[in-house]
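Values quoted throughout were computed directly from the atomic coordinates according to the rules given, and no laboratory measurement underlies them. Being a predicted model, the structure only gives us computed values, none of them experimental. Virtual Cβ from ideal backbone geometry, glycine too; neighbours counted across all protein chains shown.
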Amino acid sequence: MISSQQAMVHVVSRNAEGVIVVDGKAYPMAEELVATESVIQRSIKAVAKQIADFYRPLSHRDTHGGGGVAPISDENPLIIISVLKGSYIFTADMVRYLGDYGLPHVVDFLRVASYRGTSSTNKMQLLAETQFKALRGKHVLILEDIVDSGKTLRYILDKVQREHQPATLKVCVLADKPGGRRVTMQPDFVCLTVPNKYVIGYGFEVNDRFRCFRHIFTLRPGEARRYPAHL
């Protein structure tokens, strides 16, 4: 259903064939509109303020000076780890808002694969490791696009905690899908809650298609079969 909030900034409708149209662009692969660009940005900005307010007063291990502890600063910034590929667009927007709110931070990336097509597999594959190694005693924030079953995020959290022993380890997700949960997992910061359906747009994809959409949609049933998994 297209809400009045979605339509406040963007022109949202369905054409004669029932296809969702946002600002004149048709999305025939979409079943429902979940969040427009304006809703997404407003949510990310609000959560960025929550994150900045939480971390700014904190201190952690001083890796710049003579040891001990030091406030979060440009010399001893918050460590952000972004999970590729899905979170790269979300990360770009989030870190700029964090900068607007005056939170010193640095960003690195890791990549874990668990999806094939629209299905989450039980096998976790680490494809790219973070280059940051001095995380012990530091405040670390994971940026993830979505928590669905929770298995990928649990794997990442356990790995970072076991190997690096940070002072704190928290999670911010663009989208929480509580209906898909298979393990106990509650993100610390959530921008959006989405239905228990496959979503596309704003970094979300089906076999690497549709990441570029400015809005988030649910995928039309059967649509994924049109796109081969291997290019």
Efficiency by 1/(1 + (r/R0)^6): what FRET value for V21 and K159, r their Cβ-Cβ distance, R0 = 41 Å, to the nearest 0.05? 0.45
Could you list which residues have their amide H under 5 Å from that of H60, counting only those 5 or more apart in sequence or on another chain, with H placed in the peptide plane? A70, I72
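Using a Förster distance of 25 angstrom, determine the FRET efficiency expected from the C-beta separation of R111 and T193, and round it to 0.05. Don't jump to the answer; show the numbers that get you there.
Numbers: r = 25 Å, r/R0 = 1.00.
Once the sixth-power term is evaluated, E becomes 0.50.
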Using only helices, what value at 222 nm comes out for the chain when you add -39,500 (n - 2.57) per DSSP H run of length 4 or more and divide by the total residues, to the nearest 500 deg cm²/dmol? -7000 deg cm²/dmol
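Restrict the search to the stretch 1-103; then list the GluC sites (Glu not before Pro) that DSSP places in a loop and that have at most 10 other Cβ atoms within 10 Å of their Cβ. Before the final figure, lay out each step's value.
Details: sites: E17, E31, E32, E37, E75; in loops: E17, E75.
Taking the stretch 1-103 and a limit of 10 other Cβ atoms within 10 Å, the loop GluC sites (Glu not before Pro) found are E17.
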What are the residues whose amide H is under 5 Å from the amide H of L78, where those residues sit 5 or more places off or on another chain and H is modelled from the backbone? S73, H105, V106
Which ³J(HN,Hα) values, rounded to whole Hz and listed in residue order, are derived for the stretch 74-86 from phi using the Karplus coefficients 6.51, -1.76 and 1.60 in 6.51 cos²θ - 1.76 cosθ + 1.60 with θ = phi - 60°, glycine and proline given as x? 5, 6, 10, x, 4, 9, 10, 10, 9, 9, 7, 8, x
Taking amide H positions as placed in the peptide plane 1.01 Å from N, state which residues far from L192 in sequence (5 or more) or on other chains have amide H under 5 Å from it. A175, D176
Helix 37-55 axis, angle to the chain major axis (alpha carbon atoms, nearest 10°): 20
Lys pairs in the chain, Cα-Cα under 22 Å, at least 8 apart or on separate chains: how many? 26
Placing each pseudo-label 7 Å from Cα in the direction of the beta carbon, A70 and T184 end up separated by a distance in nanometres of 3.8
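For the stretch 184-231, just say rounded, prolate or oblate: build the C-alpha gyration tensor, square-root its eigenvalues into a ≥ b ≥ c, call rounded for a/c under 1.5, and beyond that prolate if a/b exceeds b/c, oblate if not. Could you put the intermediate results ahead of the total?
Numbers: a/c = 2.02, a/b = 1.84, b/c = 1.10.
Prolate shape, in that a/c is at least 1.5 and a/b is the bigger ratio.
Given 0.36 nm per residue, what is the gain on full extension from T63 to R226 after removing their alpha carbon distance, in nm? If you can, show how the numbers build up before the last one.
Details: separation 163, 0.36 × 163 = 58.68 nm, distance 5.02 nm.
Using 0.36 nm per residue and subtracting the Cα-Cα distance, I get 53.7 nm.
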